[in-house]
Structures are given as structure tokens and as C-alpha cells.
């Protein structure tokens with residue numbers, strides 16, 4: 001089975017533009033973000049709930065992307081009416097030949 005047959009989800013990789021605030025700090029500007037379509041496989045890992053004043057649910061996912069996919073730690077991934085934040089730098093996963101086989105990205109979704 002080839003990797004292409006496993007990449008069953010159409011996603012958008014979202015990269016924020018930047019803006020400078022009144023203090024001279026550079027901030028992400030998601031309102032003018034660029035979106036790049038990609039094939040992927042998005043897989044659920046686990047979830048947890050925060051206790052306290054906020055009723056928040058955190059779920060962890062992993063996204064598998066084709067080799068060479070331009071995705072970085074500051075990007076977001078949109079899929080199936082969900083928005084995920086990329087957690088840490090994506091990892092090019094090697095095949096047996098030590099060349100990159102695919103790219104894995106840890107994803108997080110926070111609701112609430």
C-alpha cells in the first residue's frame with residue numbers, strides 16, 4: 001500500500017502574515033493568512049479536560065503529510081470544520097532508505 005492511498009483528507013495549511021503592534025512587536029495576523037491545500041491523514045490521539053473556571057477540552061492529533069510539504073511550527077491546519085495548531089516543529093519521517101518518506105506534525109485542538 002502506498003502512502004498516497006492513506007492520505008485521504010483534504011486540508012488547508014494556514015500560515016499567518018505578520019503585523020506590528022503599537023509597541024513595535026511583531027504579531028501573527030490570522031485575518032490575512034495564506035492557505036495552501038494539501039493531502040493528509042489526520043489521526044486522533046487523546047483528549048483531556050481542564051478543571052477550574054474554564055470548561056476547556058484539549059485534543060491531540062497527528063497529521064501525516066507528503067514528503068516536502070511546507071508546514072512549520074507556527075502554522076495551523078484546517079480540516080473538517082476544525083482548526084488545529086501545529087505543536088512543535090514537524091518531523092520528516094525517514095523510510096528504510098533514510099530518505100524522507102512523509103512529514104508528521106503534532107496537532108492540538110482547544111475547545112472552550
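Here, each number is a calculation from the coordinates, and none is a lab measurement. Here the structure is a predicted model, which means the values were calculated and not measured. Note: ideal-geometry Cβ built from the backbone for every residue, glycine included; neighbour counts use all protein chains shown.
The convex hull drawn around the Cα atoms of region 3-111, when projected onto a plane and averaged over every direction, covers 9.0 nm².
Label-to-label distance, residue 34 versus residue 62, with points set 7 angstrom from Cα along the beta-carbon direction: 2.9 nm.
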